[in-house]
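Quick one: structure below, then a few questions.
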Amino acid sequence: MTITTKQASVAKPVPAKAGIGLRADHYVDVLNDHPDTGWFEVHSENYFGEGGRPLYYLEKIAEHYPLSLHGVGLSIGSTDALDTAHLKKLKSLVQRFEPGLISEHLSWGSVGGRHFNDLFPLPYTDEALSHMVERVNQVQEYLGRQILIENVSSYLQFESSTIPEWEFIRELAQKSGCGILLDVNNIYVNAKNHKLDPRVFIEAIPVEYVKEIHLAGHTVKQLEEGEILIDTHNKRVTDDVWALYQETMQRVGKVPVLIEWDTDIPALSVLLDEADKAQRIMDSVHSSDARQGEHHERIA
């Protein structure tokens, strides 16, 4: 399938601060209160309509805040042909709002034209890597913009996988030029589910490709076979994920950080409180780095 290059839009940068996902429940509060948050991320597909309440509010909110578009329905890893109608709507949204960041998932969610309400992981093989590089290149060429690819949560592993997940996403970024949206909660969930060390993932990712970080809550379920973590996005970030986030910030540096909360939506104040904690950790890590740098300069 050939996708034609189109003129790039001028992005409005997303600052290296903590932001939150914009949800319909909070439209009015955001416009009335203008909360002190760095930026908002929205699910692209929620704004594919030609009018209506979602676009009205997004237009108003975009006057005051930078935006990031986060896709959940493109199914970029599928073997189906890329959905040109979907891409046209995404391109129109990009041109209209000039988001600072555009992201998709390292996953598939459709086959034979049927779409599922899930983000399924791929087998991590050379063949899948070549497929993803080609697909990412097609999307970036069509949009005229770099996209970020997010690592996803998983609950089973493919026997056919021959490449560690962190090497797969690293190779994808290096070969396609995409950025990485590093979901720290997904790294933690997968590490627990598959009995891995999450720090191995963090250490393997080339920091120059990391353009955004996601944080979210997860649910612990007890099964007959043992404990499993589910990436539910319906509660506060856990202490273990906060600790891994702090280590991630120490390595990656200052990048935009998002609090995701997609179900059981709480009051806006809860999301802002989580974002404030993410911001405090970011500031603490980098103020400490700055002090250490000044100390080394004085010694030298």
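Can you say whether D264 is loosely packed, with under 15 Cβ neighbours inside 10 Å, in contact (Cβ under 8 Å) with a residue 12 or more places away in the chain and acidic (D, E), as far as the supplied structure shows?
On the way: loosely packed, with under 15 Cβ neighbours inside 10 Å: yes; in contact (Cβ under 8 Å) with a residue 12 or more places away in the chain: yes; acidic (D, E): yes.
In short, yes.
Quickly run through segment 256-272 and pick out the residues that are in contact with a strand residue (DSSP E or B) (Cβ under 6 Å, 6 or more places away or on another chain) and farther than 16 Å from W242 by Cβ.
Once the filter is applied, which keeps residues that are in contact with a strand residue (DSSP E or B) (Cβ under 6 Å, 6 or more places away or on another chain) and farther than 16 Å from W242 by Cβ, segment 256-272 yields only P256.
Just to confirm my filter: which strands (runs of 3 or more DSSP E) fall fully inside segment 98-159 and include at least 2 residues that are within 18 Å of L182 (Cα to Cα) and out of contact with any helix residue (DSSP H, G or I) (no Cβ under 6 Å at 6 or more places or on another chain)?
Because the criterion is at least 2 residues that are within 18 Å of L182 (Cα to Cα) and out of contact with any helix residue (DSSP H, G or I) (no Cβ under 6 Å at 6 or more places or on another chain), the strands (runs of 3 or more DSSP E) in segment 98-159 that meet it are 101-105, 114-120, 148-150.
Is there any pair linking a residue in segment 44-57 that is under 17 Å from L31 (Cβ atoms) and without any contact (Cβ under 8 Å) to a residue 12 or more places away in the chain to one that is of a type in the set (G, A, S) and surrounded by 11 or more Cβ atoms within 10 Å (Cβ to Cβ), with Cβ under 7 Å and at least six apart or on different chains, and which?
Sorted first by the residue in segment 44-57, then by its partner, the pairs are L55/G49.
Related question: Collect the residues in segment 78-97 that are part of a helix (DSSP H, G or I), touching a Leu at 6+ places or on another chain (Cβ under 9 Å) and either more than 26 Å from D118 (Cα to Cα) or among the hydrophobic types (A, V, I, L, M, F, W, C) (or both), keeping them in residue-number order. It would help to see each step written out before you state the result.
Kept after step one, since they are part of a helix (DSSP H, G or I), are these residues of segment 78-97: 84-97.
Okay, now just the ones that are also touching a Leu at 6+ places or on another chain (Cβ under 9 Å), so 86-87, 90-91, 93-94, 96-97.
Within segment 78-97, L87, L90, L93, V94, R96, F97 meet the criteria.
In segment 53-74, how many residues are under 18 Å from the mean Cα position of the chain (by Cα) and either β-branched (V, I, T) or modelled with pLDDT under 95 (or both)?
Residues in segment 53-74 being under 18 Å from the mean Cα position of the chain (by Cα) and either β-branched (V, I, T) or modelled with pLDDT under 95 (or both): 2 in total.
While we're here: On the basis of being among the small types (G, A, S) and part of a strand (DSSP E or B), does S75 make the cut?
No.
The values are calculated or read from the model by the stated rules, or taken from the named source; none is laboratory data. Keep in mind that what you see is a predicted model, and the values were worked out from it rather than measured. Because the Cβ atoms are built from the backbone with ideal geometry, glycine has one as well, and the counts that use them run over all protein chains shown.
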